[in-house]
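Enquirer: Below: one structure in structure tokens.
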Amino acid sequence: MTENGYEAVTIDTSKPHPARIYDYLLGGKDNYEVDQRAGDALAAAAPEARIGVRANRAFLERAVRYVVGSGVRQILDIGTGLPTSPNVHEVAQTVAPDVRVAYVDNDPIVAAHGNALLSRSGTTRIILGDLRDPRAVLDHPDVRQLIDFDQPVALLLVAILHFLADADRPAEVVATLRDALPAGSFLVLSHATGDFADRTDAQAVYTNATASLNLRGRAAVERFFDGFELVEPGLAQVPFWRPDTPPPPRSEDIGFYGGVARKKP
């Protein structure tokens, strides 16, 4: 049995899932008790966790408005997570109604909720796929139907690469995606870090989850932008990337880097 071209995956509710933990911390309802326990443990280990995920979400919204305002009309959002209003397509289409968005996630629950949300829209689609196999994502017929890789694309890798271990070769994953994008495309990326506090206990929360948490320092995160030119202010803690409101209290403790970059000619 297949769904969207991928082998159907059994939904495992015995282990916390990063997308559902994130949903819980944002105040969503698409999560289970196991995810709630993990979210509470994460907030206990990293007291800024809840404001951090909200700040990361706000960064995503500002970044989407920026890339669409720069002329991009198609977005590939990999590791999209559970739908959270406003969704990427809702943010993008307030700037330009003709923006097309392909969402990709490896959690069948995300795909199910996304399909229900997007079923009436011809400019958005959700695909069940895994970032660790970027070629399969790029070649997926639903992605190809929606995204024209001869025209600039905004690639969103927001709060997802830190769930790839070094053994998953995240730099090669990003490079494969980058090489499929034409000049003028954008990379929007955020990544968890332990640069501002010891977050060993926060990492441990994900030991029994469906994916580990792999914190990386500034230099390692910046290397994901190889082949791109960072736009001002460069790589920054997410509350401080082009803020449009005063950053929330404790923003200096938030362990998320974020940046937007344009692919060089």
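Enquirer: From largest accessible area down, sort Thr207, Thr200, Thr176; use a 1.4 Å probe on the protein chains.
Expert: Result of the area sort, largest leading: Thr207, Thr200, Thr176.
Enquirer: Any idea how far the Cα center of segment 196-244 sits from the one of segment 26-94, in Å?
Expert: Using only Cα atoms, the two centres lie 14 Å from each other.
Enquirer: Kindly sort Lys263, Lys15 by accessible area of their heavy atoms, largest first, with the probe set to 1.4 Å.
Expert: Per-residue accessible area, sorted high to low, gives Lys15, Lys263.
Enquirer: Just one of [x] 0.93; [y] 0.99; [z] 1.17 is Cα Rg over 2.2 N^0.38 Å calculated from these coordinates, so which is it?
Expert: [x]
Enquirer: At 27 Å minimum axial length over the Cα atoms and a Kyte-Doolittle cut of 0.0, report the qualifying DSSP H helices in the chain, or say none.
Expert: Flagged H segments are 49-69.
Enquirer: Fully extended, how many nm does the chain gain between Ala204 and Arg50 (0.36 nm per residue separation, minus their Cα-Cα distance)?
Expert: Gain on stretching Ala204 to Arg50: 53.7 nm.
Enquirer: So which residue, out of Gly255, Gly71, Gly129, gets the largest mean-square fluctuation from a GNM of the chain using Cα contacts under 10 Å as springs?
Expert: Gly71
Enquirer: Oh, and also: Along the Cα→Cβ direction, 7 angstrom out, place labels at Asp150 and Ser85. What is the inter-label distance in nm?
Expert: For Asp150 paired with Ser85, the spin-label model returns 3.9 nm.
Enquirer: Given the peptides 94-105, 33-44, arrange them by the average over their residues of other C-beta atoms within 10 Å, most packed first.
Expert: Taking the mean over residues of other Cβ atoms within 10 Å, the ranking is 94-105, 33-44.
Enquirer: Counting only Cα, what are the radius of gyration and maximum Cα-Cα distance Dmax of segment 161-264, in Å?
Expert: In Å, with Rg to one decimal and Dmax whole: 14.6, 41.
The values are calculated or read from the model by the stated rules, or taken from the named source; none is laboratory data. None of these values were measured; they are calculated from a predicted model. Please note: Cβ atoms are built from the backbone with ideal geometry, for glycine as well, and neighbour counts cover all protein chains shown. Surface accessibility is based on the protein's heavy atoms, side chains included, excluding ligands, DNA and RNA. Shrake-Rupley method; radii C 1.70, N 1.55, O 1.52, S 1.80 Å.
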